[in-house]
Each structure stands twice: as C-alpha cells, then as structure tokens.
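A short worksheet on the structure shown next.
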Amino acid sequence: MKYFLFLIFFIITTFEGFSQVERNRGQLNRDSGTNFSSVEDEEVEKAPISLYKIVSVENDTTIVDTTLNIYKDYRFNYLRRDNFGLLPFSNVGRTYNNLTYDFLKEQYVMPQFGARARHYNFMEVEDIFYYNVPTPFTELFYKTVFEQGQAVDALFTINTSPNFNFSVAYKGLRSLGRYQHMLTSSGNFRTTVGYNSPNDRYRLQSHFVSQDLLNEENGGLTGSSLEQYIAKNPEFEDRSRLDVNFEDSQSTLHGKRFFLDHSYALYKREDSLVKKDLSIGHRLNHTYKKYNYSQASANELFGPSFEEVSIRDETRLTSTSNEVYVGFTAGNLAQIVARGKHTHYNYGYNTVLDLKDGFIVNRLQGDIISAGGDYTGTLGGFQFKAEGMINLIGDFKGYDLGAKLAYLLSEDILIAATANINDRAPNYNFLLYQSDYINYNWQTSFSNESRQSLGFKLLAPQLLNVNLEFSTINDMSYFGLDELGTLRPFQHDEQVSYFKLRGEREFIIGKFALNNTILYQSVLDGGQVLNVPDLVTRNTLYYRDHWFQRALYLQTGFTLNYFTDYYMNGYDPVLAEFYVQNELEFEGFPTVDFFFNGKIRQARIFFKLEHLNSLIQGNNNFSAPLYPYRDFGVRFGLVWNMFM
C-alpha cells in the first residue's frame, strides 16, 4: 500500500503539477494584475500562502501555516494535536488515560461504538479536512518512536482545476516498544474530493477512510515485576527483562467510511448590501467498524472461558445515515438550516447465548428518524448560534440541544458563553457484549445518560485565556469492578457534578517566553465514578531567535508537566476500555522535557529529550494500574510543507 501511494503521488505530481501551475498562473494574473513571463525567461512568482486553504466539514476555512511557535511543539506528536490532559502509555500508538474531560464536545444522539480506549487516533468525520490550493501541496510528518519503527504522515493535494480538488494521505506507525509484547502498528488511509461549480451553486465534499489500529496486549506487569519496577531496581532498567502477564494477545480496531455532503443553491444573490441564498443538500455517512480481541490461550486474569485456546472476540457495527437539509441565508443576520435524518444501525455478533442467568441476543439493529436544525446570526458585536437534533422514531431515544453566545469586546478580546443539554443511550458495548470469556457477556437495559453543561470562555491573549465548564450527569454509565473483582458495566443512580477551570497565559521578555497552562477541576458529587486529579499544569520556559542571518528560526527550552494524586482508571485489554477503580490512589508526578526546534524555509525540525528528570530520580510512575509510564527517550522528527 505504501509503495502504491508513493507511485500515485509521483504520477500525479509529474503530470498534473505543471499543468496546474500554468492554469493558476493565469488565475494569479487576474487576481493580482501581475504579468508572469515564461519559466524560461524569468522565475515564476510564487502563489501567496493565503491561497492554500484548509476546509473543515462544517466549512470553517483556515490557511496552511508554516510558522513555528510553541503550540506547534505541543502538537508534534502521534495524535498531531495538543495532548494536554492526556497521560500516554509507554509505547507510541497506544491509548491515553484521561486527566480531564470535556463534556461540552460530546454532542451525540446515538450510542457510540465501544473500544473507546482505541479511538484516540481513529479519524472520525470531523477529523477529515478538504483543500483548495493554487499549486500542488505536500505535507510530510516524521517522528522517531521507541525501538524499531517510525511514525509518518504524508498528505498530497492538488486542484486539477480551480473548482476541483483531490487529496490523498496516509498515516502509518510501527513501534516495538521497550516492554515485552507491546508492539503497535497502525495505518490511516484517507482520500478526499472537493468541488464547487463555476457558478458556485453546487458544492460537494466527499471522503473515503480506511483504518486499522493494532496493539499487542500484555496485561501489564506481573506481581514480582511490579515490585522490582516500584523499587527502581537498576537490574531492570532494561525494561524487556520485566515479566508481563501474557504474551499471546492482540487487539485491532478496523474501520472504513464513505462520506458525501453536497448541496445546490436554488436561489443565490450576492451584492454589496446583503447575501441571500436558499439551498437544499444531502449528507451520506456509511461507516463500518470492527473490533477484534484474540488470544492464543485463555488467561485466568479474565475469569473462566468457553474456550481454552484460540480466544477470538469480534464486534461489528454497520451504520448508514442519510440526512436531507434546507438552508436559508439572509446576510449575517440569519443563517438557518432545517434537517431531517434517517439512520440504520446494525451492531452485534453472529451467535446468541443462553447462559444460566439469562438469554443474550446477538444483535441490536433498527432505524432511527431524527429532526433538527441550526441557527447562526450576527448583530453588532454579538454572535449567536443554536443547534439541536432529536430522535423522533426508533428504539434509541435521544436529543442534543446547544446554544452559544459570543461578543467581541475588541480586536483582541472575545467572551463567549455556551450551554448544552444532551440525552442519549450509553455506548453499544454497555448495552450488549459477547466474548469467549464468560464474565464478559451481558445484555443490559440501562437508562439514557442525561447531561447538562454550561461553559464560559474568555480569549484575551495579552491578558489571560480562561475556559470554565460545569456539568451535571444523571445515570452515568461506567465500567467498574464488582465485589468479586469482575469487570462489569454499571450505571450510577445519583447525579455526578463536575467543575473545571483552565487558564492560559504566555509572558514574553525579550527573546525569552514562559507559556503556562493551569487546570483546576473538582468532582462535587459522584467522586466514586469519575476520578480526576485536582490540578494539572504545563509550564514551558524557552528561548527563541533568528540565527545565521535569519536563515534559521529556533526555539529551545524546557517543558514541565505535572498532575496531583488521584485514583487512576484501570485499563482492560479485552474491552479496550478504561474502568473505574477506587482501591489504589496513585501519586502524581512531574515530567521535564528539553526541546530544540528549528525552522528552515517550510521545514520545521523538532528534537526532544523526553522525561529528562527520570535520568536523575529514576522512573516508577504509572499510566494506569500495572502499566508503567514512559522512561527517558530521545525523539526527533520534522514537518515539511512543499509548494510546487
């Protein structure tokens, strides 16, 4: 697959690149009034970077950013996003333990597929972007891993005409890890198509994604190895000498998705006074997910099993949704969208179970009819947005209602308030699960989870960025241990109240800067089912300057991460889920990283010494019970943007 993709890149670049340069040279002539000579006569003027556009599924547009700042360092990781509040496991490509939660972003009205611990790098619809570029554009990401492998992410996009864009990308990872049986191997292939008709009435966005994320599972350290690790025994600094609970298991999350969103403007008028249009659209989302857990022989850690050898659990979900919407725009005053949606879901297994304590069906399948709408308006300095969706017909009742009001106090200060009410069924693996392990079979009749959230945001980079959230959750579902120590799904019958306050501020003195992020949070009620540390911080002290007659821009310094003690969630490899445990409180710990980053033209180079303080004090910290945190490591890589 990799060689095939590189071949496609080469062919498209060779045969399409030059023709696109010629087409867009004419476009640039019209846009800028510049008369370009032939390549043989003089150097062709480059297209301004403002023409290289990135478009989200909601049509929010940004431009390609080749600058280097401290936030690029925070995003230079496997997820390629800021992972503040996430505690990584020992190897790249594995899951993360949550140090904080963001309930305002959970706006689903349908149950979600299980194995949520494996979804951090699973690309959903909102993670796919579309492009509009004047010349072929390529982005290459590379970063080293832990033992034998690398992480890469390559993107190529081209406009074959001013109205048609095509992109293809592949993200791959292979990392052996330092502990026994901790290999990770993953691939995320995606391709997109974007089209706007010449009269700008018809618009289309479409993508196809194919993903497979494999982890070898080892169940964590054995009891004796756990003692050696906690004692910081120097004989076990070679982590491969520590015994693990098993070495014959792996889990894989597969996924394929075809997505199409297209619309046609029945009426369109634009003038200097107001923009009006009336459009009708259709959105299709066909998704297939499969989670496999396999093990050569049954392990007593998970209880008795139907089979002693060749454990193989397989869970599937096929979901197809068709949404029809009508949109009306009357300038900035009102943008209204009415939606109607049909969803067919088919989740489950190929067998039914007749156990001593009850009968377990093999499938949850049916159809859901939903309706909803959006409203966006601007009046003076106020911006208002409201959106909602409700399930009208079907077995899964649910709704999501949200509103946001923002006000621009000045060019540098924005305040916003957000409210959201959500009610939906728990995820599918809470409702129905089958496994070769007897204790991992259940069918429940849980009530809907009901959540109410309020948020406040102040964006004032010169003063302070503040995010505040308060959420209450009723009938919260979670995985936990029963009185016999068996993992089961539970539903909390009392209200859970969660509060968090996050502040960000960067102080700059000459060529030095101190970037600070501080998060305080508290679970006011329901502390037994939602455990978080009270305090999470990240502080970066760094130097930045231009060197070598401005040929190199660099930033170098230290980053301190720290969180306080808390009852850390455990990880279950059979389900690929985290579970609540209240028996053992884990100490919080600091990590110090040294980094040296540089920018040369459109290439950004990153070099980092991770967990530097463990060289002095050793490492006996944890990412989850039985699972050690990362040791010291040297990591480097680059992000390279190429404009042809």
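Summary table below
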item: Residue list for the range 50-64, filter: closer than 12 Å to V133 by Cα, assigned to a loop (DSSP other than H, G, I, E, B) and free of Cβ contacts under 8 Å to residues at least 24 places away in the same chain; result: none
item: Residues that are touching a residue at least 24 places away in the same chain (Cβ under 8 Å) and either assigned to a strand (DSSP E or B) or surrounded by 21 or more Cβ atoms within 10 Å (Cβ to Cβ) (or both), drawn from the range 158-170; result: I158, N159, T160, S161, F164, N165, F166, S167, V168, Y170
item: Qualifying residue in the range 370-381 (condition: surrounded by 15 or more Cβ atoms within 10 Å (Cβ to Cβ), at pLDDT below 95 and within 30 Å of S249 (Cβ to Cβ)); result: no
item: Pairs, first in contact (Cβ under 8 Å) with a residue 24 or more places away in the chain in the range 493-504, second among the aromatic types (F, W, Y) and assigned to a strand (DSSP E or B), C-beta under 6 Å, six or more apart; result: F499/F470; L501/Y520
item: Those residues of the range 289-334 which are of a type outside the set (S, T, N, Q), under 20 Å from A117 (Cβ atoms) and touching a His at 6+ places or on another chain (Cβ under 8 Å), in sequence order; result: K289, K290, Y291
item: Every residue from the range 432-447 that is surrounded by fewer than 17 Cβ atoms within 10 Å (Cβ to Cβ), part of a loop (DSSP other than H, G, I, E, B) and not polar (S, T, N, Q); result: F446
item: Test: residue in the range 439-449 that is free of Cβ contacts under 8 Å to residues at least 24 places away in the same chain and farther than 30 Å from A576 by Cα; result: no
item: Some residue of the range 460-483 being aromatic (F, W, Y), surrounded by fewer than 16 Cβ atoms within 10 Å (Cβ to Cβ) and touching a strand residue (DSSP E or B) at 6+ places or on another chain (Cβ under 7 Å); result: no
item: Single unsatisfied condition, E585 versus (1) among the acidic types (D, E); (2) touching a Lys or Arg at 6+ places or on another chain (Cβ under 9 Å); (3) over 24 Å from G93 (Cβ atoms); result: (2)
item: Failed condition for A334, given (1) in contact with a Ser or Thr (Cβ under 9 Å, 6 or more places away or on another chain); (2) at pLDDT 95 or above; (3) under 22 Å from S279 (Cα atoms); (4) of a type in the set (G, A, S); result: (2)
item: Set L155, L226: member being surrounded by 18 or more Cβ atoms within 10 Å (Cβ to Cβ) and either in contact with a helix residue (DSSP H, G or I) (Cβ under 8 Å, 6 or more places away or on another chain) or farther than 30 Å from I605 by Cβ (or both); result: L226
item: Residue match in the range 190-199 (condition: of a type in the set (K, R) and either more than 18 Å from N59 (Cα to Cα) or assigned to a strand (DSSP E or B) (or both)); result: yes
item: Filtered residue count, the range 535-590, keeping only those that are part of a strand (DSSP E or B) and more than 22 Å from F512 (Cβ to Cβ); result: 12
item: Complete set of residues in the range 561-586 that are in contact with a Ser or Thr (Cβ under 9 Å, 6 or more places away or on another chain) and either on the phi < 0 side of the Ramachandran plot or surrounded by fewer than 17 Cβ atoms within 10 Å (Cβ to Cβ) (or both); result: N561, Y562, F563, M568, Y571, P573, V574, L575, F578
item: Count of residues meeting criterion [assigned to a strand (DSSP E or B) and not basic (K, R)] in the range 206-258; result: 22
item: Verdict on S305 being in contact with a helix residue (DSSP H, G or I) (Cβ under 7 Å, 6 or more places away or on another chain), closer than 30 Å to Y440 by Cα and either buried (at least 17 other Cβ atoms within 10 Å of the Cβ) or of a type in the set (S, T, Y) (or both); result: yes
item: Residue in the range 514-528 that is farther than 28 Å from F470 by Cα and either at pLDDT 95 or above or touching a Leu at 6+ places or on another chain (Cβ under 9 Å) (or both) present; result: yes
item: Failed condition for S186, given (1) farther than 30 Å from L301 by Cβ; (2) buried (at least 18 other Cβ atoms within 10 Å of the Cβ); result: (1)
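Yes/no matrix, rows are residues, columns are (1) farther than 30 Å from R538 by Cα; (2) not small (G, A, S):
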| position | (1), (2) |
| --- | --- |
| G455 | no, no |
| A460 | no, no |
| S477 | yes, no |
| E494 | yes, yes |
| K500 | no, yes |
| G503 | no, no |
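The values are calculated or read from the model by the stated rules, or taken from the named source; none is laboratory data. Small disclaimer: the values here were computed from a predicted structure and weren't measured. Cβ sites come from the backbone with ideal geometry, for glycine too, and all protein chains shown count toward neighbours.
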